[in-house]
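Where a number appears in this text, it was derived from the coordinates with a stated rule and is not lab data. A quick note: this is a predicted structure, and the numbers were derived from the prediction, not measured. Every residue, glycine among them, receives a Cβ derived from its backbone with ideal geometry; neighbour counts consider all protein chains shown.
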Amino acid sequence: MTVTWEELGWERVAAGVGRCRLPGWDCTAGLVLGEGTALVVDAGSSLGEGAWLRARAQQLAGHRVTHLALTHPHFDHVFGAAAFAGAEVFAAVGTDAVFAYEREELRRDAIRNGLPAREAEEAADALVLPRHPVSGEWTLDLGGGRQVLLANVGPGHTAHDLAVLVPGDPEVVFCGDLVEESGEPQAGPDAVPSRWPAALDRLLALGGEDALYVPGHGAVVDAGFVRRQRDELAARFGVS
């Protein structure tokens, strides 16, 4: 019996492309299906959440998750990564240094934001360095005529922001927390506010006017929403 995206807690965005809004921090994870392949975008906030995502992604794909793209190194997007054993992991260049030298700060940030200490410690200890650092653009061939573009469009929300463009009709752009719909974009100590509007310009150039933009938190938006948020950030941080 074939299950639907919705039955497994996912929202179908385009053919073979979906996303899931996770509880707690309303964090988005994405899924792109290829031929014998499956790309998950972001891994959730804990090992348990990562395992949940992987199991349901594999149910939809009918095979294992082969690729994982991390949009930026914040706990709610990466702490489930170790649950994707065997997947090829991609992230913006520099993410590996954050995992190697700043995992204690990631752990503390997770606890400050409400993740139970034991779960935060387990996830931080289990973090493995991304095997594939993306410094510009990387075309990922998922088979069956499906290619995905990984683009290092930051800095902005962090110094290491990766976007995922899925060509099609419509095109879909996974934005990470460069775009947020369910609240005001969050600029923490690792944000680069002076460069954030330019990162959104690059995001819009990637997807164009007719793409669907999947934010790191909240509902799917259009190019107009991204442009308005770009202008609000420019005004907020005093940059053009």
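The table that follows gives values for the structure above.
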{"quantity": "Net charge, Val192 excluded, C-beta distance under 13 Å - Lys, Arg +1, Asp, Glu -1", "calculated": "-2"}
{"quantity": "Loop-located trypsin sites (Lys or Arg not before Pro) in the range 70-177 whose Cβ has at most 15 other Cβ within 10 Å (DSSP)", "calculated": "Arg131"}
{"quantity": "Calculated from backbone phi, Karplus (6.51, -1.76, 1.60) coupling profile of the range 123-128 in Hz, x at Gly/Pro", "calculated": "5, 5, 5, 8, 4, 10"}
{"quantity": "Dipole magnitude (debye, nearest 20) for the range 64-183, charges at Cβ of Lys, Arg, Asp, Glu", "calculated": "280 debye"}
{"quantity": "Distance from the range 1-66 to the range 137-206 (C-alpha centre basis), Å", "calculated": "19 Å"}
{"quantity": "Set of the range 155-183 residues, backbone N closer than 18 Å to the point 7 Å along the Cα-Cβ line of Ala15", "calculated": "166-173"}
{"quantity": "Packing rank of 147-156, 224-233, where each peptide gets the mean count of other beta carbons within 10 Å, highest leading", "calculated": "147-156, 224-233"}
{"quantity": "Loop sites in the range 10-77: chymotrypsin sites (Phe, Trp or Tyr not before Pro), DSSP, at most 15 other Cβ within 10 Å", "calculated": "none"}
{"quantity": "In sequence order, calculated HN-Hα J values of the range 31-37 (Karplus, 6.51, -1.76, 1.60; Hz; x Gly/Pro)", "calculated": "9, 10, 9, x, 8, x, 9"}
{"quantity": "Interchain or long-range residues, amide H under 5 Å from Gly16's placed H", "calculated": "none"}
{"quantity": "Diffusion constant of the range 1-127 at 20 °C, which comes from Stokes-Einstein with the Kirkwood Cα-pair radius and 1.002 mPa s, µm²/s", "calculated": "147 µm²/s"}
{"quantity": "Charge dipole (debye, nearest 20) of the range 136-221; +1 at Cβ of Lys and Arg, -1 at Cβ of Asp and Glu", "calculated": "200 debye"}
{"quantity": "Hydrodynamic radius (Kirkwood) for the range 149-240, which is based on Cα pairs only, to one decimal in Å", "calculated": "12.7 Å"}
{"quantity": "Cβ-based net charge around Val134, under 13 Å, with every Lys or Arg adding one and every Asp or Glu removing one", "calculated": "-3"}
{"quantity": "Computed FRET value (nearest 0.05) for Ser240 with Glu35, which takes r as the C-beta separation and R₀ as 45 Å", "calculated": "0.55"}
{"quantity": "Estimated [θ] at 222 nm from DSSP helical runs (n ≥ 4, -39500 (n - 2.57)) normalised by residues in the chain, nearest 500", "calculated": "-9000 deg cm²/dmol"}
{"quantity": "Convex hull (Cα only) mean projected area of the range 73-139, reported in nm² to one decimal", "calculated": "4.5 nm²"}
{"quantity": "√(5λ) per eigenvalue of the Cα gyration tensor, the range 71-196, largest first, Å", "calculated": "25, 18, 14"}
{"quantity": "Considering only the chain, percent of DSSP beta bridges that pair antiparallel, nearest 5", "calculated": "65 percent"}
{"quantity": "DSSP bridge orientation in the range 1-121 - percent antiparallel, rounded to nearest 5", "calculated": "65 percent"}
{"quantity": "Cut-off under 5 Å, modelled amide H: who pairs with Gly176 long-range", "calculated": "Gly216"}
{"quantity": "Dipole moment magnitude, nearest 20 debye, the chain about Cα centre, only Lys, Arg, Asp, Glu C-beta charged", "calculated": "200 debye"}
